[in-house]
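Read through the structure below, which is laid out as C-alpha cells, and then see the notes.
Read-outs throughout are calculated quantities, based only on the coordinates presented, and are distinct from any laboratory measurement. Computed from a predicted model, the values in this text were never measured in an experiment. Glycine gets a Cβ as well: all are built from the backbone with ideal geometry, and neighbour counts include every protein chain shown.
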Amino acid sequence: MKKIILLIAIYLVSNGINAQQKKIWDETKEEKTERLAWWTNDRFGMFIHWGSYSLASRHEWVKKHEVIDDVTYKKYFDNFNPDLYNPREWAKLAKAAGMKYAVITTKHHEGFTLFDSDFTEYNVTNTPYGKDALKEWVDAFREEGLKIGFYYSLIDWHHPEYTIDRVHPLKPKNKEDYKALNKERDMSVYREYLMNQVTEILTNYGKVDMLWLDYSFPDYVKSSLRRFVQLNS
C-alpha cells in the first residue's frame with residue numbers, strides 16, 4: 001500500500017513539473033527540437049571562463065574558497081588590464097579547430113562584468129583596461145561566422161543586497177547567524193538588478209544564440225527568469 005501511495009505521489013509531482021514547464025515555455029516537443037537543431041548539429045564549441053578572478057590564477061571560486069573580503073579582493077579589479085587580449089586570434093583558432101560556437105562568462109559569481117553596464121561600477125570599463133571586452137569578443141567571433149553564447153551567473157557576491165547563503169564568501173559558521181547577516185539585505189532589489197543586466201546583454205550585442213544562466217534556485221525564481229528570457233529573445 002505504501003509503495004502504491006509513493007508511486008502515485010511521484011506521478012503527481014512529475015506531472016506537475018511537466019505542466020509547469022509547458023506553461024513557462026508554451027512549446028511543443030517538435031518546436032523544441034527545431035529550436036535546438038543548430039545545437040544538436042554544431043556540437044563542437046568553446047567555453048571561455050574569464051573574469052577578475054583570473055588574476056588570482058587559482059579558481060573562479062577563489063573568493064569563496066579562501067574567504068576573501070571585498071576590500072582585499074578589489075586588487076584584482078584595480079589591476080585588471082589584459083594587454084595581450086586578442087579575441088580575433090581566439091576566434092580564428094576556434095574556427096580552425098572546427099568549432100561552431102563559443103560561450104563566454106559575461107559575469108561570474110564574483111559580480112564583475114566583462115561588459116559595460118549602466119547598473120554597476122564594478123565592470124570592465126572602470127578597470128585599467130577601460131573598454132567593453134565583451135563587445136570586442138562578440139565582434140571578433142561573429143567575423144569568423146561563429147555563433148555566440150553568454151554565460152551569466154545568478155549568484156553575485158559583490159552586490160550588497162544579494163542574500164548571504166551557503167555558497168557566499170560571508171557564509172557564517174552557525175546557521176543561526178544567517179538571519180542577522182541578511183536582516184538589512186533585500187533580494188528583490190538584486191532580482192531587479194539581475195533582470196536589468198540580463199536585458200543589457202540580450203539587447204546591446206545583437207543576436208545571442210545561447211544564454212547560460214548559472215545556478216539553481218527555487219522553481220518560482222527559475223520560472224520568472226525563463227519567462228523573461230522568452231519574452232526578450
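Quick notes
- Between the range 107-156 and the range 184-213, the Cα center-to-center distance that results, in Å: 12
- Inter-probe distance in nm under a simple model that places probes 7 Å from Cα toward Cβ, at R185 and K207: 4.0
- Projected onto their three principal axes, the Cα atoms of the range 44-231 cover extents of 54, 38, 29 Å, largest first.
- Given K95/K147; K107/K173; K75/K179, the pairs whose alpha carbons are separated by over 20 Å: K107/K173; K75/K179
- Distance between the 7 Å Cα→Cβ label points at R142 and R166: 4.2 nm.
- Sequence of H65, H109 once ranked by neighbouring C-beta atoms within 10 Å, starting from the fewest: H65, H109
- Cleavage-rule hits, GluC sites (Glu not before Pro), the range 124-214, DSSP coil, Cβ neighbours within 10 Å at most 10: E184
- Of the chymotrypsin sites (Phe, Trp or Tyr not before Pro) found in the range 38-84, those in coil by DSSP whose Cβ has at most 11 other Cβ atoms within 10 Å are F44.
- Relative to the Cα centre, the charge distribution of the range 44-231, modelled as +1 at Lys and Arg Cβ and -1 at Asp and Glu Cβ, gives a dipole magnitude of about 620 debye.
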